[in-house]
Amino acid sequence: MERPAWAPPGIDISVPSVSRIYDYYLGGSHNFEVDRQAARRAMEFMPGLPKIMQANRAFMRRAVRHAVADGVTQFLDIGSGIPTFGNVHEIARAASPQARVVYVDHDPVAVAHSHAVLLDDEQTGVVAADLRKPQEILAAPEVGRLLDFDRPVALLLVAVLHFLEDTDRPYEAVAELREALAPGSLLILTHASYEGIPLTEEVAGGTVGVYRDIRNPLVMRTGEQISGFFEGFEMVEPGLVSMPDWRPDRAEGGEEGETPEDPYAFSGYAGVGRKA
């Protein structure tokens, strides 16, 4: 297999990557055939996966705009993936030129592309780290350079916690990050769930099996379990809901992924919490 010029040296391009599969769902070009094959297998069971990812991105953008309107101009995006149009720094900067963003991911392709896109951006940084080790994230030089934890920070955990199994102690990881945040900080979160998917759990489980086969288990938690990540935060209205139902902006024509008649867009949960 020929290595594309944009692929960082040293990565195994024969192994699928969650962030590159996500890039494929969104119509991006930074993925390999092995990623596309895995994505197509997953879509055999759940053909609406691209619509779910579009709804996820649309929620993220609305939540970032809400954060800036709430006076929060610092963003820590963990599990940020491969940069695409309308990423956090672009949305935040459009609302506040002073906005500062740190992207964190453990995928070398995502990190390399983030560095390339943000090379000359002094208000945005990139960190290679894993959500499973929150103290390493908090101690990263770029985090210290760009974020002031004495002031509110918006912590984004968008479509990442469902890739942590219970043995990875995801609730403890979120709690460690929460303790580092100042009052007024926000938790912006989305998470996959069998609840809301317009399929039987047995059929949707086929997609879960594909992710398990590529050694990136997809953990489908219930709404009650997902709400546990917001311990120590006060939920922002309308609470934990489907992604299109979180403050839809249809008055301005709506965001991609918010088409009410597409049932896949309503799969899983989204929410924003404020630390008291």
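The values are calculated or read from the model by the stated rules, or taken from the named source; none is laboratory data. For clarity, every value in this text was computed on a predicted model and none was experimentally measured. When we count neighbours, we look across all protein chains shown, and the Cβ atoms used for this are built from the backbone with ideal geometry, even at glycine. For the accessible areas, the whole protein counts, side chains as well, though only heavy atoms, and no ligand, DNA or RNA atoms are used. Shrake-Rupley method; radii C 1.70, N 1.55, O 1.52, S 1.80 Å.
Do we have ILE188 as modelled with pLDDT of 95 or more, open to solvent by less than 10 Å² (accessible area, probe 1.4 Å), touching a Leu at 6+ places or on another chain (Cβ under 7 Å) and β-branched (Val, Ile, Thr) here? So ILE188 passes the test. Residues in the range 58-69 that are surrounded by fewer than 23 Cβ atoms within 10 Å (Cβ to Cβ) and within 21 Å of PRO263 (Cα to Cα): ARG61, ARG62. Among the residues of the range 131-144, not a single one is touching a Lys or Arg at 6+ places or on another chain (Cβ under 9 Å), within 26 Å of LYS51 (Cβ to Cβ) and modelled with pLDDT of 95 or more. Tell me which of these THR84 doesn't satisfy, since it passes every other one: (1) of a type in the set (Val, Ile, Thr); (2) more than 15 Å from the chain's Cα centre (by Cα); (3) at pLDDT below 95. Condition (2) is where THR84 drops out. Restrict the check to the range 265-276 and report whether at least one residue is surrounded by fewer than 16 Cβ atoms within 10 Å (Cβ to Cβ) and modelled with pLDDT under 95. Yes. Checked against the criterion of being surrounded by 22 or more Cβ atoms within 10 Å (Cβ to Cβ), touching a strand residue (DSSP E or B) at 6+ places or on another chain (Cβ under 6 Å) and at negative phi, the candidates ALA154, ALA140 yield just one match: ALA154. Does the range 106-118 contain any residue that is assigned to a loop (DSSP other than H, G, I, E, B), at pLDDT 95 or above, open to solvent by 20 Å² or more (accessible area, probe 1.4 Å) and within 30 Å of ASP150 (Cβ to Cβ)? No, the range 106-118 has no match at all.
Any residue in the range 49-56 that is open to solvent by less than 10 Å² (accessible area, probe 1.4 Å) and assigned to a strand (DSSP E or B)? No, that holds for no residue.
Pairs meeting the criteria (first residue in the range 82-94 and closer than 16 Å to VAL111 by Cα and open to solvent by less than 20 Å² (accessible area, probe 1.4 Å), second residue among the aromatic types (Phe, Trp, Tyr) and not in a helix (DSSP H, G or I), beta carbons under 6 Å, at least 6 apart or on different chains) are VAL88/PHE75. THR124 meets the conditions (1) closer than 29 Å to SER242 by Cα; (2) open to solvent by less than 10 Å² (accessible area, probe 1.4 Å); (3) touching a helix residue (DSSP H, G or I) at 6+ places or on another chain (Cβ under 6 Å); (4) free of Cβ contacts under 8 Å to residues at least 40 places away in the same chain in every case but one. The failed one is (1).
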